[in-house]
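**Q** Have a look at this one.
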Amino acid sequence: MRKTHVVSLAAAAMMLAGCGQGLLGDGGAQQEAKGPIRLGMLVPQSGSEAAIGPYMTNAAQLAIDEINAKGGVLGRQLELKAADDACDAQTAVAAANKVVTEGVEVSIGGYCSGATLPTLPVFGKANIPMIIPAANSQELVDQKLKHVFLINGTGTQQAESAAKWITKQGATKVALMHDNTSYSKDIAVRTQPLLGDKAVITEAVTPKESDYSANIHNVLTKKPDFVYWTGYFQEGGLIIRQLRQAGFKGSIMVADGSVSSKLGEIAGAEAEGVYATMTPIPDTLPNAKGWIDNYTKKFGSAPGPYSNQAYDAVRLAAEAITKAGSTEGAKVISALEGISGFQMFSGPLKFTPEHTLSTGGFQILVWKGDKFALQDTLS
């Protein structure tokens, strides 16, 4: 999950990353060995996706507190350095450089793919491993960068799950809608060929508008019986409502960037029955009640989407540093590549050669009443 405006910033990111490297060298390795091990987390704390940020930072802090209570890692305490990327590429580059100068050893953030992409060279130049808990555009994988690891299913895996469910539903004419961001377009263009001639239109919208009637008109002229929106909840809620108001009676599905309670607030009653492609959320995790209770007790509200992945990102970072016996970037990266069977919410972990999960773990959720619930595991 992931916004764009990336390519033009890559050169600037590389240049700024050089500044961070000059200050800290190898991922902050020149810090006092007995000081805290700092983990950097870039998440949206402002902007249209700000609702997700607290879920991720709270869950990361919960994991850190649990690990520190048991003595920390290599005899040192963990410390979270969170920064706002606003789901914006330029803001994300500045935030990445900020946490690099603060001496982070591992990055455990990344929600919006378009904001995460330009930070790859920043952390890479500083030799800081990246464990990305949420952002999942295939473009992140296609960079083939040794320091980048994804613990969420990829865009390719989400597209495959979407096509499987759409086919299972017997849809004959499918409209794909995206917002031209790296994350959203990636899923749409990868889903389209999997549907073959069932995909009758791929419609791109302009984000942050309030009236999508022209786009909806274009879609409805193709008479689809299934619409798949692959963007974020802000636009997704409006599109769902406006599709229904325009008389669309078919099925609607959204991608993981729209899995939020905010979708229901925006779409209102029209959200009922809307499907979603999504990796496990706390409510759909077996045997997660105790963890949910701990989170709720500590923060005063229940965990939401990507809290479990953020929690696992911290635990995985701690595991890799422990196995490496060091916070040196190259050693931690090697340890991550060698991990096999480490238990996460998504199951035992072993990275593919591309540093992705071997299976995406996408499920189908459905909006019922006031939240998303599990519809089909697709297993």
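**Q** Does at least one position in segment 259-273 carry a residue that is in contact (Cβ under 8 Å) with a residue 60 or more places away in the chain and β-branched (Val, Ile, Thr)?
**A** Within segment 259-273, one or more residues are in contact (Cβ under 8 Å) with a residue 60 or more places away in the chain and β-branched (Val, Ile, Thr).
**Q** Could you pull out the residue among Glu319, Glu270 that is modelled with pLDDT of 95 or more, acidic (Asp, Glu) and closer than 20 Å to Thr230 by Cβ?
**A** Glu270
**Q** Sticking with this structure for a sec: Which residues, taken from segment 309-338, are in contact with a helix residue (DSSP H, G or I) (Cβ under 6 Å, 6 or more places away or on another chain), more than 21 Å from Val122 (Cβ to Cβ) and either among the hydroxyl-bearing types (Ser, Thr, Tyr) or touching a residue at least 24 places away in the same chain (Cβ under 8 Å) (or both)?
**A** Listed by number, the residues that qualify are Tyr311, Arg315, Ala318.
**Q** Here is a follow-up. Between a first residue in segment 348-359 that is modelled with pLDDT of 95 or more and a second residue that is part of a loop (DSSP other than H, G, I, E, B) and open to solvent by 20 Å² or more (accessible area, probe 1.4 Å), which pairs have beta carbons less than 6 Å apart while being 6 or more apart in sequence or on different chains?
**A** Going by the 6 Å Cβ cut-off, the qualifying pairs are Thr352/Ser358.
**Q** Considering (1) open to solvent by 60 Å² or more (accessible area, probe 1.4 Å); (2) under 19 Å from Ser184 (Cα atoms); (3) within 20 Å of the chain's Cα centre (by Cα), say which one Trp229 fails and leave the rest.
**A** It is condition (1) that Trp229 fails.
**Q** Would you pick out the residues in segment 346-369 that are out of contact with any Ser or Thr (no Cβ under 9 Å at 6 or more places or on another chain) and surrounded by 21 or more Cβ atoms within 10 Å (Cβ to Cβ)?
**A** Here is the first cut: in segment 346-369, the residues out of contact with any Ser or Thr (no Cβ under 9 Å at 6 or more places or on another chain) are 353, 355, 366-369.
Passing the criteria: His355, Trp367.
**Q** How many residues are part of a helix (DSSP H, G or I) and closer than 25 Å to Glu328 by Cα when one looks only at segment 117-141?
**A** So the answer is 11.
**Q** Something else now. Any residue in segment 178-202 that's farther than 16 Å from Thr156 by Cβ: show its pairings with residues that are of a type in the set (S, T, N, Q) at Cβ separation under 6 Å, as long as the two are six or more apart or on different chains.
**A** If the second residue must be of a type in the set (S, T, N, Q), the pairs left are Thr181/Thr4; Ala199/Gln192; Thr202/Gln192.
**Q** Further, regarding this structure: Just to be sure I understand the filter: pairs with C-beta atoms under 6 Å, separated by 6 or more residues or on different chains, first member in segment 101-117 and farther than 23 Å from Ser184 by Cβ and of a type in the set (A, V, I, L, M), second member assigned to a strand (DSSP E or B) and open to solvent by 10 Å² or more (accessible area, probe 1.4 Å). Which pairs pass?
**A** As it stands, the answer is Val104/Arg38; Val104/Lys81, since those pairs meet every condition given.
**Q** Additional query: How many of the residues making up segment 319-329 are open to solvent by 10 Å² or more (accessible area, probe 1.4 Å) and either among the aliphatic types (A, V, I, L, M) or within 23 Å of the chain's Cα centre (by Cα) (or both)? Working first, answer last.
**A** If we filter segment 319-329 for residues that are open to solvent by 10 Å² or more (accessible area, probe 1.4 Å), which is where we start, we get 319, 322-328.
When the remaining residues are screened for being either among the aliphatic types (A, V, I, L, M) or within 23 Å of the chain's Cα centre (by Cα) (or both), the result is 319, 324.
So the answer is 2.
**Q** Of the conditions (1) open to solvent by less than 60 Å² (accessible area, probe 1.4 Å); (2) within 30 Å of Leu336 (Cα to Cα); (3) not hydrophobic (A, V, I, L, M, F, W, C), Pro207 clears all except one; give me its number.
**A** Looking at each condition in turn, Pro207 falls short on (2).
**Q** Considering only residues that are part of a strand (DSSP E or B) and open to solvent by less than 10 Å² (accessible area, probe 1.4 Å), which ones fall in segment 84-115?
**A** Val106, Ser107
The values are calculated or read from the model by the stated rules, or taken from the named source; none is laboratory data. A quick note: this is a predicted structure, and the numbers were derived from the prediction, not measured. Backbone-built Cβ (ideal geometry, glycine too); neighbour counts: all protein chains shown. The accessibility values were calculated without ligands, DNA or RNA, using every heavy atom of the protein model including side chains. Shrake-Rupley method; radii C 1.70, N 1.55, O 1.52, S 1.80 Å.
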